[in-house]
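Heads up, the thing below is written out as structure tokens.
The values are calculated or read from the model by the stated rules, or taken from the named source; none is laboratory data. Remember, it's a predicted structure, so these values are computed and weren't measured experimentally. Cβ placement follows ideal geometry from the backbone for every residue including glycine, while neighbour counts extend to all protein chains displayed.
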Amino acid sequence: MAQDYFVSLLKRALELGAEGRTVPVVQETRLIEQKQGIQEMIRGKIIDVYWMGTDTSREEKLRVIPIPLDRGLMGYRRFIIRRDMALEFDNIDTLSALANYTACQGKHWPDTIVLKEAGLPVQEIVSFERMFQRLNLRECDYFPRGFFEPYSELYVRQQIYPDLALYEHLVLYYPFTLYFFLNKDDEALAQWIEQGLEKMIDSGEFIRHMQSHDLTRHAFPLHHLEDMRVIELKNPNIPATTNYKNRRYWFQPDDFNHRHH
């Protein structure tokens, strides 16, 4: 499903940016662990276009198309918790209060560095499935996920982990997004995709893609809750030049608050 979201976005951008050129066929490869993916792309072997979370080193090594593919939603982290912890989480509204609890996060995820830099205790776990397991066993207290991710993740695991639930009233926010990355030699292709994405933004098709696709549609409307607490963190990994206050490309924290609408 996640694969389809990005592939369909890429195909549409290629169509719209084609300007008479033959649209290249997009062939999907199996998902590769992020570190290996970067290596494959720098060598210029298998992958032409890769979508992944951004950080400074990735942007230095590769040609980035600086249009957030999720409008920054991945930087708004909502927590999967055990149901019996909900009342405790109701009392958390500051970073120091959150620091009394331990997060489960992936070992090579950019997010792990963000949380640790902010002074939050983190259990680093290699296997994705094991994070749910550890959370269920009370070895950590919350599993921060991108804003739209928990719905499908919990749905497919509700039989195995009936005690896990999405906690909706607290968001951990830091500037973070997924971009398309290409090899630096592929400048022409990068410009082509970029122009296609810009056209999608101009026409409103980009937002419609988010609102209708199975991966992201559950996140809308963003401001469906009366009360959502937002704890903001700095992201030391993101390039200083990132223009994450630009509403053309990025959702902003006040988009999530009912009182602003």
- Item | Yes/no for F132 being crowded, with 17+ Cβ neighbours inside 10 Å and of a type in the set (A, V, I, L, M, F, W, C) | yes
- Task: For segment 156-178, state whether one or more residues are part of a loop (DSSP other than H, G, I, E, B), crowded, with 21+ Cβ neighbours inside 10 Å and either in contact with a Lys or Arg (Cβ under 8 Å, 6 or more places away or on another chain) or free of Cβ contacts under 8 Å to residues at least 40 places away in the same chain (or both).
- Result: yes
- Item | Residue selected from segment 179-205 under the condition of a type outside the set (A, V, I, L, M, F, W, C) and outside any helix (DSSP H, G or I), by the criterion nearest to L16 (Cα to Cα) | G204
- Go through segment 130-152 residue by residue and tally those that are modelled with pLDDT under 95 and either among the charged types (D, E, K, R) or on the phi > 0 side of the Ramachandran plot (or both). 1
- Which residue out of V126, V64, V122 is within 30 Å of W192 (Cβ to Cβ), aliphatic (A, V, I, L, M) and more than 14 Å from the chain's Cα centre (by Cα)? V64
- Residue list for segment 188-211, filter: touching a helix residue (DSSP H, G or I) at 6+ places or on another chain (Cβ under 7 Å), under 14 Å from R63 (Cβ atoms) and free of Cβ contacts under 8 Å to residues at least 60 places away in the same chain: none
- Item | Selection count where residues are closer than 17 Å to P68 by Cβ and not small (G, A, S), scope segment 220-253 | 19
- Answer yes if at least one residue in segment 226-248 is more than 20 Å from the chain's Cα centre (by Cα), in a loop (DSSP other than H, G, I, E, B) and either closer than 21 Å to P150 by Cβ or of a type in the set (V, I, T) (or both), and no otherwise. yes
- Item | Pair list, Cβ under 7 Å, 6 or more apart: segment 110-131 residue small (G, A, S), other residue part of a loop (DSSP other than H, G, I, E, B) | A118/L233; G119/A99
- Task: Would you check which residues across segment 38-60 are at pLDDT 70 or above and either part of a strand (DSSP E or B) or surrounded by fewer than 14 Cβ atoms within 10 Å (Cβ to Cβ) (or both) and list them?
- Result: V49, Y50, W51, M52, G53, S57, E60
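For every residue, the table says whether it meets (1) over 30 Å from Q133 (Cα atoms); (2) of a type in the set (V, I, T); (3) outside the structural domain of V7 (by TED's automatic domain parsing); (4) in contact with a strand residue (DSSP E or B) (Cβ under 9 Å, 6 or more places away or on another chain).
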{"residue": "I160", "(1), (2), (3), (4)": "no, yes, yes, no"}
{"residue": "L164", "(1), (2), (3), (4)": "no, no, yes, yes"}
{"residue": "D186", "(1), (2), (3), (4)": "yes, no, no, yes"}
{"residue": "I193", "(1), (2), (3), (4)": "yes, yes, no, yes"}
- Within segment 143-194, the count of residues that are of a type in the set (D, E) and under 26 Å from P121 (Cβ atoms) comes to 4
- Note on the structure: Of the conditions (1) crowded, with 16+ Cβ neighbours inside 10 Å; (2) touching a strand residue (DSSP E or B) at 6+ places or on another chain (Cβ under 8 Å), the single one that L225 does not satisfy is (1)
- In segment 132-142, is there at least one residue being closer than 24 Å to E226 by Cα, touching a Pro at 6+ places or on another chain (Cβ under 8 Å) and not assigned by TED's automatic domain parsing to the domain that holds V64? no
- Item | Cross-chain or 6+ apart pairs with Cβ under 9 Å, segment 220-238 first and under 30 Å from S57 (Cα atoms) and outside the structural domain of L95 (by TED's automatic domain parsing), then small (G, A, S) and in a strand (DSSP E or B) | N237/G53
- Item | Inter-residue pairs, beta-carbon under 6 Å, first within 20 Å of D202 (Cβ to Cβ) and assigned to a helix (DSSP H, G or I) and in segment 13-37, second at pLDDT 85 or above and of a type in the set (S, T, N, Q), 6+ apart | none
